[in-house]
Every structure is written in structure tokens, then in C-alpha cells.
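**Q** The structure's right below; bear with me while I get my questions together.
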Amino acid sequence: MPIVERSWLAAFGTGGFPNESPLMEELGINFQHIKSKTLAVLNPFKPIDTEIYDDADMAGPLLFILVLGTFLLLSGKSQFGYIYGVGLLGTVGIWAILNLMSQGGIDVMRTASILGYCLLPIVLLGSLGLAVDFKSGQLAAAAALLPIAWCTYSSATMFVSVLSMSEQRLLVAYPIGLFYTSFALLTVF
């Protein structure tokens, strides 16, 4: 068999081409980074390894956004458009603010990655919304305070450590807190 035919047939088999990288590596999906970034959000008081935020992986944030939208859909709220719209406009706004405040700046994909990973407590709030009906405004506000604070603290800590802006922590946390408050409002109401 000629070499051209063997290589064409190998593309459809399980062997692949010689020296070909795995599919997940080609797509830029690194499960170890997803796990370490998720664990960094779940334990925000642990010191952050800034090297894991050098790549702007979007697999985890897109998964979290999809799961949040699914939880909201299961609780009777079709909010996919609002989730993506608020996420996009909020990410661009926070990216602009961070670039105005910092010396070195940050790219928009790393901003979206950090904001998306830190959305995990809001996703947990959405899962709580499946079991608890937030008809009372006071119950909804009380349930949303902890996830908003958790998301804000996690992402502000990550941005401050990545951008070396320790003196501006509260200035970074304020717009980020507003960003996550809008997601919490979408989730509980």
C-alpha cells in the first residue's frame, strides 16, 4: 500500500498519525489545570499559585455557565441569553477597569477565565434553587450573600495576585462584586 493511502486510512482508525498529540491537548483542555483552578476557587484562603493562571483556558468556565443555565432551566427560568450577555459585557467591563488600574495589564481571555472559574459558588446557589423555592425576597437575599462574597473574594484575590495590585484590593473587588451580584439576582429571582 502506498504511504499516502496508509496515512489517510490511519486518520480514521484508532492509531492516528505518528507523533500526533492527543485531541484534548490540541483543543487546549488540560484537566489538571481545570481541577487546580476549581480547587483554588473552592478554597480561597489557600495561597494561589499564579502559574496556573498563565493560560486562559475556557473549558471550565463554559462548563460552569452551561451547568448554571441548566440548573436555572430546571427551576423554571430560561436565562441562557441573560447569562451569556451579562457574562460578556461584565467581562469586557472588568477587563477594561483592570487594564486601567494595573501597570502591566491583563488580556481579556485570562479575565474571562478567572471570572468564569470563580462563578462556581453561584452555580452551587443555582443547585440550591432546585431544592429551595426562593419566593421570599429575604430568603433569597440571605442565600445569595455568601456566594456573592465567596465569588468576589476568590476572583479579587486571583486578580490582585496575578496583577500585583495588593494595595488596590477593594477597588478591584467592588466591580467584581457587582458582576457576581447580577448573576445571583438572575439565579434567585
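**Q** Using only alpha carbon pairs under 8 Å that are at least six residues apart, calculate the relative contact order of segment 30-188 and give it in whole percent.
**A** Result for segment 30-188 is 30 percent.
**Q** Further question on the same structure: By how many degrees, between 0 and 90 and to the nearest 10, does the Cα long axis of helix 120-131 differ from the longest principal axis of the chain?
**A** That helix lies at roughly 70 degrees to the long axis.
**Q** Sticking with this one: Leu39: net charge of surrounding residues, Cβ under 14 Å, Lys/Arg +1, Asp/Glu -1, itself excluded?
**A** Cβ neighbours under 14 Å give a net charge of +2.
**Q** If you count, for each residue, the other Cβ atoms within 10 Å and average over each peptide, how do 134-145, 178-189, 117-128 line up from highest to lowest?
**A** Result, highest mean first: 117-128, 178-189, 134-145.
**Q** Compute, for the chain, the length of the dipole vector about the Cα centre, with Cβ point charges of +1 (Lys, Arg) and -1 (Asp, Glu) only. Units Debye, rounded to 20.
**A** Once rounded to the nearest 20, the dipole reads 660 debye.
**Q** What are the semi-axes of the equivalent ellipsoid for segment 30-188, taken as the square roots of 5 times the Cα gyration tensor eigenvalues, largest first, in whole Å?
**A** Taking √(5λ) for each Cα gyration eigenvalue gives 26, 16, 15 Å.
**Q** Subtract the Cα-Cα distance of Asn19 and Val86 from 0.36 nm times their separation in residues, and report this length gain in nm to one decimal.
**A** Full extension of this stretch gives 19.9 nm more.
**Q** Quick check: residue separation of Ala56 and Leu42 times 0.36 nm, minus the Cα distance between them. What number comes out in nm?
**A** Gain on stretching Ala56 to Leu42: 3.1 nm.
**Q** Working out 0.36 nm times the residue gap between Met109 and Leu63, then minus their Cα-Cα distance, what length gain in nm do you get to one decimal?
**A** Stretched out fully, the Met109 to Leu63 stretch lengthens by 15.0 nm.
Laboratory data are not the source of any read-out in this text; all were calculated from the coordinates shown. Here the structure is a predicted model, which is why all the values come from computation and not from measurement. All Cβ positions, glycine included, derive from the backbone under ideal geometry; neighbour counts span all protein chains shown.
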